[in-house]
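A.B. asks: Just passing along the structure, written as structure tokens.
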Amino acid sequence: MARTVTPFEDPRERARAGVFGMLCFIASLAMVFAASMLGVIVVRLQDSGPWPPDGDGGLPWALGVSTLILLVSSGTMVLASRSAGRGDALGLARWMTWTFGLSVAFLVGQTIAWWDLLSRHIHLDSNLWAWAFYVLTALHALHVLGGVIPMGVVARNARQGYYSVENHRGVTYVGLYWHFLDLAWLGLYATILWATWFRAAT
């Protein structure tokens, strides 16, 4: 009797199915982030006062640094993906390790930003600006933390020579998720900046 072969035994078909599944997951997350940003925008438009209130200072300096770190990590992720596509195991291991390290550095930068506000005695319930800042940054940080774990696994597998030109699905999936988080952060950061600088017409 002839053996039945399912489409998912073909590595390329499995990769396509995995990419489709990841894109569906990203689409659901995009709606969560979009709804959060829209909520902050609506609240801000209804509040004519300054954000943050006078005397609270501006945005933490670490926010800009962590944004730069995240952009660089997206670039190293691109280099890792290209290395995987070429079968460059050493390049893949190097760039995945860099991306993993930068993702951890981003979380450290966010922690410093939160500590900056806390040191100024600005807490979640201090005012609407603080609430928007903590909620948006924490929402993104939680998803980054969720991506750091599989990224660490992929980086370890890359160093062990697990991937090949024909099979590097893990690199592809992590890359898609990480680039999405990069774009999501740019949207969140832009929302925070706008909410901070916005002044209602009087």
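A.B. asks: In the range 5-18, is there at least one residue being at pLDDT below 95, on the phi > 0 side of the Ramachandran plot, outside any helix (DSSP H, G or I) and out of contact with any helix residue (DSSP H, G or I) (no Cβ under 7 Å at 6 or more places or on another chain)?
C.D. replies: no
A.B. asks: Would it be correct to say that THR97 is more than 14 Å from the chain's Cα centre (by Cα), modelled with pLDDT of 95 or more, open to solvent by 60 Å² or more (accessible area, probe 1.4 Å) and among the polar types (S, T, N, Q)?
C.D. replies: No, not satisfied.
A.B. asks: Identify, by number, the condition in (1) over 30 Å from VAL174 (Cβ atoms); (2) within 15 Å of the chain's Cα centre (by Cα) that HIS123 doesn't meet.
C.D. replies: (2) is the only condition that HIS123 fails.
A.B. asks: Output the residue which, of all residues in the range 157-202 that are among the polar types (S, T, N, Q) and part of a helix (DSSP H, G or I), is modelled with the lowest pLDDT.
C.D. replies: THR196
A.B. asks: Hey, can you tell me all the residues within the range 35-72 that are assigned to a helix (DSSP H, G or I), free of Cβ contacts under 8 Å to residues at least 60 places away in the same chain and either touching a His at 6+ places or on another chain (Cβ under 6 Å) or open to solvent by 20 Å² or more (accessible area, probe 1.4 Å) (or both)?
C.D. replies: Result: ALA35, LEU38, GLY39, VAL42, GLN46, TRP61, GLY64, VAL65, LEU68, ILE69, VAL72.
The values are calculated or read from the model by the stated rules, or taken from the named source; none is laboratory data. None of these values were measured; they are calculated from a predicted model. Using ideal geometry, Cβ is built from the backbone for each residue, glycine included, and neighbour counts are taken over all protein chains shown. Calculation scope for accessible area: heavy atoms of the full protein, side chains included, ligands and nucleic acids excluded. Shrake-Rupley method; radii C 1.70, N 1.55, O 1.52, S 1.80 Å.
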